[in-house]
Structure formats: structure tokens, C-alpha cells
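J.: One structure is given below, represented as C-alpha cells, and several questions about it will come after.
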Amino acid sequence: MPDLPEGTARRNTTTQDHGIERALDNTLIQLAEGALQDGTPLRLELPVRNVNRTVGTMLGYEVTKRWGADGLPDNTIDISFRGSAGQSFGAFLPRGITLRLAGDANDYVGKGLSGGRVIVSPDPEANFAADEQIIAGNVIGYGATAGEIFLRGIVGERFCVRNSGALAVSEGVGDHGCEYMTGGRVVVLGPIGRNFAAGMSGGIAYVLDLPAHRVNPDMVDLDPMDGEDATFLRDLVESYAAETGSPVAARLLEDWDAAVARFGKIMPKDYKRVLSATQMAEREGRDVNEAVMAASHG
């Protein structure tokens, strides 16, 4: 048999992998046809493997094509997977789709999330403490604009890099968390790596037992918590506990008054200045856009 041209095996493997990816998403589209047509709520349970990449993305395209940018009501299409998901699980999901994963995931979970929900927890039969183990990989929530990402466990580096509007919760992150973040909110119920909040110009991050020396101070301040922060965090931790069954969240809720005092708040300096200018302009009846433009230029 003659030798194959260089790169042939790689091309064939890639084609096969892409076929597997399309097959799962095509199956999701077929199973969700009723919901796509008239918004009928749908619940599914399916296995997933790490060759299944960008799970849910084609389904999300169908939701947007048929229902527009507003998508569907939250949790209209609610799909539970079990196994190990490949890269970009839940990428670009619009509002109306919830993907739940019992197992673990590779990099780029929730990349470009656009209003959907992604919830990752360990397999029910796992016998380890989730807050001590890696549940998902690097660059989670990259470029997300809206929606929720709940991760019961520790995740890799560059968590929520360039997040501009999503709400994300994990129980620990690697280096460079919230890098270049411009909006949204992030809550970390565990340790963080070095260089947290580097280039962060918008949004807010809350970290349990915040180690100040791991925060990059160039563009952010460590601000005191206020009543609005406390209310937001309690509501969020309650929702996160209900969705993931997290023992970490349950322990915090047992004595919330003590727990809330343990959070540190990371606030971008520019964002804080713009918020202050907005509030002052509203109180004084001035044009908000002009006030924001003036504040954004220092």
C-alpha cells in the first residue's frame, strides 16, 4: 500500500470529529423541534463525550434564527448531559437554553454566552470533594455577553476573560481570573490564582477570603461591601446551591451573617467613576450620556 500524503490522517480524524460534533447537535435540534417551533418547554437527558465539542451551539443558532435576539424564556430548552464534555461546551448559547453537565468539561465552557445558562457539577457517583478538584478547563466564559455559568468545583486559568455581561460562579480559579473583563459579575467561592483582575475595566468580582496580594491593582480597587452587595450575594449563593447542590454554598448559607463578611469586592476604578457620574447626573437631572463621557475621560 502506498504511503499516504503527509497530513492525510490528521485531516480524516478532524473530519470524523466534526461529524461527531454535528451529529450530536443535529440530534439536539431534532429533539427540540417542538420548542423551536412554538416555545413548548422541553427536558432531555443525554450522554456526552469529550469528542463532542461546541455542544449546543447549533441549537442556539436555531433559537436565534427563529425567535430573534431575545431568545426564549429561561429554561425553555433544558438539557442534562452526563459524561466528559469537549471544548466550548455551551458556546454562544442564547436565552432560553440551559445546559446541565454532570461530569467535567474541557476549555472554553460558555464561550460567547449570550443569555443562556450553563451548569456543571461532578458526576453524582463521584466520591471526591468538588471544591478540591478541577471541574472544567481554561478560558471559561470568554467574551460572554449575558447569561449564567455555575461551576461546582475549581476551574483553570483566565476565568471570564473579556466577560462583558454574564454572571459566573465557581469554587476556585487559576491564574489571571477576570482578565480584561468589561462587565458582568463574577463570584469565586474559593481560592484564586495570581494576577487576578489584570486589565479589568468593568463589572464586579466578589471573592471569598480574598487574598489581596493575588490581585493586580493597576486598574481595580478593593472596595468595602455594602447592603446591595450583601443582598445580591445571598440571592446568588442560594440559587447556586439549589442548582448545583454545592456543600460550599450550603455551609455559607448556614451562617450568612458571618459568611458575607468574608467576601472581598473587586471594583474597576474607571467603572466606579462612571457609575458615580451616572448616579450624580440622575440625581441632578443632567444628561447621563454627557456625564458618562466626561467621567470616562478622567
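Every read-out reported here was derived from the displayed coordinates using simple, explicitly stated rules and does not represent laboratory data. Bear in mind the structure is a predicted one, so any value in this text is a computation, not a measurement. Cβ sites come from the backbone with ideal geometry, for glycine too, and all protein chains shown count toward neighbours.
J.: For Arg82, enumerate residues with amide H under 5 Å from its amide H, sequence gap 5+ or separate chain, H modeled in the peptide plane.
T.: Under 5 Å from the amide H of Arg82: Leu46, Val48, Ala102.
J.: Output the peptides 218-228, 141-151 sorted from most to least packed, where packing is the average of other Cβ atoms within 10 Å over each peptide's residues.
T.: Ranking the peptides 218-228, 141-151 by packing returns 141-151, 218-228.
J.: Here's something else I'd like to know. Nearest 500 deg cm²/dmol is fine: what mean residue ellipticity at 222 nm does the chain get from its DSSP H runs of n ≥ 4 alone, each adding -39,500 (n - 2.57), divided by its residue count?
T.: Using -39500 (n - 2.57) per qualifying helix, the result is -10000 deg cm²/dmol.
J.: Follow-up. If each residue of separation counts as 0.36 nm, what is the full-extension length gain between Arg49 and Asp209 once their alpha-carbon separation is subtracted? Working shown, then result.
T.: Working: separation 160, 0.36 × 160 = 57.60 nm, distance 3.54 nm.
Here the segment from Arg49 to Asp209 would lengthen by 54.1 nm.
J.: Right, another one. Where both residues lie in the range 8-270, what percent of DSSP beta bridges are antiparallel, nearest 5?
T.: Percentage antiparallel, nearest 5: 15.
J.: In terms of modelled amide H atoms, which long-range or inter-chain residues lie less than 5 Å from the amide H of Leu167?
T.: The answer is Gly147, Glu148, Ile149, Arg185.
J.: Here's another thing I want to ask about it. Figure the gain on full extension for Arg273 and Arg194 (residue separation times 0.36 nm, minus the Cα-Cα span) and round it to one decimal in nm.
T.: Value of the extension gain: 25.9 nm.
J.: May I pose another question? Between rounded, prolate and oblate, where does the range 220-298 land on the alpha carbon gyration tensor, with a ≥ b ≥ c its root eigenvalues, rounded for a/c under 1.5, else prolate if a/b exceeds b/c?
T.: Because a/c hits 1.5 or more and a/b exceeds b/c, the range 220-298 counts as prolate.
J.: Of the listed peptides 162-170, 29-37, what is their order by residue-averaged count of other C-beta atoms within 10 Å, with the highest listed first?
T.: Sorting 162-170, 29-37 by mean packing, highest first, produces 162-170, 29-37.
J.: Out of these labelled values of Cα extents along the principal axes in Å, (1) 61, 45, 36; (2) 58, 47, 43; (3) 75, 45, 45, which was calculated from the coordinates shown here?
T.: So the structure-derived entry is (3).
J.: Near Pro211, within a Cβ-to-Cβ distance under 15 Å, what is the net charge of the other residues, with Lys and Arg +1 and Asp and Glu -1?
T.: Once positives and negatives cancel, what remains is +2.
J.: Answer rounded, prolate or oblate for the range 154-288, using the Cα gyration tensor with square roots of eigenvalues a ≥ b ≥ c: rounded when a/c is under 1.5, else prolate when a/b is larger than b/c, else oblate. Working shown, then result.
T.: Details: a/c = 1.92, a/b = 1.31, b/c = 1.47.
Oblate is the answer for the range 154-288, as a/c is 1.5 or above yet b/c matches or exceeds a/b.
J.: Sort out for me the Cα centre separation of the range 91-108 from the range 206-243, rounded to whole Å.
T.: 24
J.: Something else now. With contacts defined as alpha carbon pairs under 8 Å and 6 or more residues apart, what's the relative contact order of the chain in percent?
T.: 9
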